[in-house]
Amino acid sequence: MLRNRVVSLGFSLALLMAPVVLAQSSQLAATPPMGWNSWNHFAGKVTDADVRAAADALVSSGMRDAGYIYVNIDDTWQGRRDANGVIHPNSKFPDMKALADYVHSKGLKLGIYSGPGPKTCAGYEGSYGHEEQDAKTYAEWGIDYLKYDLCSFTRLMKQQTGDEHSEKAFEMQKAAYEKMHKALVATGRPIVFSLCQYGWNDVWKWGTEVGGNLWRTTGDINDHYSRMEEIGFSQAGLSKYAAPGHWNDPDMLEVGNGGMTDDEYRQHMSLWVILAAPLLAGNDLSKMSPETLAILTNKDVIAVDQDKLGKQGDRVWAEGPTEIWAKPLSGGAKAVALFNRAPDPKPITLKLSEVGFGSNAKMRDLWAGKDVTATNGSYTVLLPKHGVVLLRVSQ
Ligand code: GLA
């Protein structure tokens with residue numbers, strides 16, 4: 001009798017707690033996640049010391065206070081599984097729990113990386129067949145964010161269905177993401193779930209359904225203008241799929257990695273904030289130039305990305321290499337970006353009526369940090385090669 005009561009009490013508690021956990025998970029990433037990820041700069045060389053240095057630099061540079069909270073370890077942290085199947089980090093990461101404690105002590109959160117296949121993209125241990133166990137291990141360590149990369153799972157999709165792009169393979173893929181999401185929810189720890197499968201099968205249409213808080217919409221970025229613009233400007237038309245808790249992810253930032261000019265990095269940052277993209281810095285934070293820091297921490301620019309309305313922007317006008325994109329902001333304002341993709345200077349004219357404002361609208365140039373005015377409802381600027389002007393427009 002007593003035992004039955006205990007069982008039924010436990011059962012009712014579990015029933016009561018389930019919605020709490022689910023509600024918690026849907027409140028994650030109310031605005032696009034901000035932080036740092038190890039891959040773009042450190043790739044396979046990342047160590048515990050690099051991650052601690054990144055956490056230190058986020059605090060000392062003011063980036064944490066500007067909103068960069070997640071410290072995300074990408075691929076190559078994984079070691080072997082023990083006799084019970086429990087994953088252990090490799091020798092580059094001697095004590096993951098101690099690292100999480102360190103990161104948390106700085107007011108930051110720790111992210112990690114795995115995938116549904118037997119191996120990750122860099123050939124390290126994946127979560128295949130160990131999903132619940134890995135989610136539990138991450139929660140015990142104190143992990144707050146998981147990037148889950150398809151990689152070798154595509155081989156299983158091909159083996160089992162004959163074609164990794166078939167409808168059956170697609171179902172397998174969705175099930176694999178859902179499985180890890182359920183495992184994360186079951187830990188009771190709020191863990192942001194980041195899908196990484198390069199935009200296959202229009203992931204923006206079903207990423208939410210399988211528990212994704214964000215999903216990569218493209219293949220990998222690199223530190224060249226041509227790749228950044230290819231990825232960034234290809235995002236036109238995806239705005240309707242983003243909402244609080246669920247974001248399109250055109251990949252991490254390259255700002256400060258050295259392969260682009262400051263104008264190009266400002267264009268990269270402007271486009272990403274217009275896209276309500278996750279802002280994951282990918283540079284060596286312990287060696288940043290003042291220009292890099294200024295690009296990453298401009299408060300007015302970050303406010304465009306993090307606006308609580310949670311609407312992604314989209315292209316509103318284009319003529320050759322010049323484009324205008326706009327993003328609705330709370331209170332009826334809009335962020336409007338004027339881009340020059342050409343390798344030489346180009347004039348560009350914004351007609352306020354084209355972005356839904358009257359000719360007396362207020363305009364602030366967010367990179368220049370000053371108010372600007374339209375003449376007869378038009379605003380013309382000469383943009384340098386690969387330049388940008390990012391405006392906040394309000395009536
Ligand atoms: C894939 C991902 C990258 C990175 C690497 C790590 O290429 O798209 O972002 O995580 O794997 O191996």
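See the values below:
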read-out: Filter pass, Lys136 being under 22 Å from the mean Cα position of the chain (by Cα), open to solvent by 10 Å² or more (accessible area, probe 1.4 Å) and away from the ligand (no atom under 16 Å from the Cβ); value: no
read-out: Hey, Gln197 buried (at least 22 other Cβ atoms within 10 Å of the Cβ) and in contact with a Lys or Arg (Cβ under 8 Å, 6 or more places away or on another chain) or not; value: yes
read-out: In segment 70-80, residue farthest from the ligand (Cβ to nearest atom) [restricted to those that are within 25 Å of Asp56 (Cα to Cα) and free of Cβ contacts under 8 Å to residues at least 60 places away in the same chain]; value: Val71
read-out: Candidates Gly245, Gly211, filtered to the one that is more than 21 Å from Met63 (Cβ to Cβ), within 12 Å of the chain's Cα centre (by Cα) and not assigned by TED's automatic domain parsing to the domain that holds Asp344; value: Gly245
read-out: Strands (runs of 3 or more DSSP E) wholly inside segment 286-395 that include at least 1 residues being surrounded by 15 or more Cβ atoms within 10 Å (Cβ to Cβ); value: 314-319, 322-328, 334-340, 346-351, 362-365, 378-383, 388-394
read-out: Test: Ala276 is assigned to a loop (DSSP other than H, G, I, E, B), under 23 Å from Val71 (Cβ atoms) and touching a strand residue (DSSP E or B) at 6+ places or on another chain (Cβ under 9 Å); value: yes
read-out: Test: Arg155 is out of contact with any helix residue (DSSP H, G or I) (no Cβ under 8 Å at 6 or more places or on another chain), open to solvent by 40 Å² or more (accessible area, probe 1.4 Å) and charged (D, E, K, R); value: yes
read-out: Residue within segment 103-110 that is hydroxyl-bearing (Ser, Thr, Tyr), more than 14 Å from the ligand (Cβ to nearest atom) and at negative phi present; value: yes
read-out: Hits in segment 213-232 - residues which are more than 11 Å from the ligand (Cβ to nearest atom) and surrounded by fewer than 17 Cβ atoms within 10 Å (Cβ to Cβ); value: His224, Ser226, Glu230
read-out: Qualifying residue in segment 32-43 (condition: more than 15 Å from the ligand (Cβ to nearest atom) and under 13 Å from the mean Cα position of the chain (by Cα)); value: yes
read-out: Only listed residue being at pLDDT 95 or above, away from the ligand (no atom under 16 Å from the Cβ), open to solvent by 60 Å² or more (accessible area, probe 1.4 Å) and of a type outside the set (Ser, Thr, Tyr), chosen from Ala83, Ala98; value: Ala83
read-out: Candidate set: segment 248-270, residues that are touching an Asp or Glu at 6+ places or on another chain (Cβ under 8 Å) and open to solvent by 10 Å² or more (accessible area, probe 1.4 Å); chosen: the one farthest from the ligand (Cβ to nearest atom); value: Asp262
read-out: Residue match in segment 238-247 (condition: assigned to a strand (DSSP E or B) and open to solvent by less than 10 Å² (accessible area, probe 1.4 Å)); value: yes
read-out: Inter-residue pairs, beta-carbon under 6 Å, first touching a residue at least 12 places away in the same chain (Cβ under 8 Å) and in segment 342-353, second open to solvent by 90 Å² or more (accessible area, probe 1.4 Å), 6+ apart; value: Pro343/Lys385; Asp344/Lys385; Pro345/Leu382; Pro347/Leu382
read-out: Complete set of residues in segment 211-236 that are touching a strand residue (DSSP E or B) at 6+ places or on another chain (Cβ under 9 Å) and in a loop (DSSP other than H, G, I, E, B); value: Gly211, Gly212, Asn213, Thr217, Thr218, Gln235, Ala236
read-out: Residue tally, condition over 15 Å from Leu383 (Cα atoms) and over 18 Å from the mean Cα position of the chain (by Cα), over segment 258-271; value: 3
read-out: First in segment 117-143 and basic (Lys, Arg), second anywhere and at pLDDT 95 or above and more than 14 Å from the ligand (Cβ to nearest atom), Cβ under 8 Å, 6 or more apart; value: Lys136/Ala183; Lys136/Thr187
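The values are calculated or read from the model by the stated rules, or taken from the named source; none is laboratory data. Everything numeric in this text was worked out from a predicted model, so none of it was measured. Cβ atoms come from the backbone with ideal geometry, glycine included; neighbour counts cover every protein chain shown. Areas reflect the complete protein model, heavy atoms only, side chains present, ligands, DNA and RNA absent. Shrake-Rupley method; radii C 1.70, N 1.55, O 1.52, S 1.80 Å.
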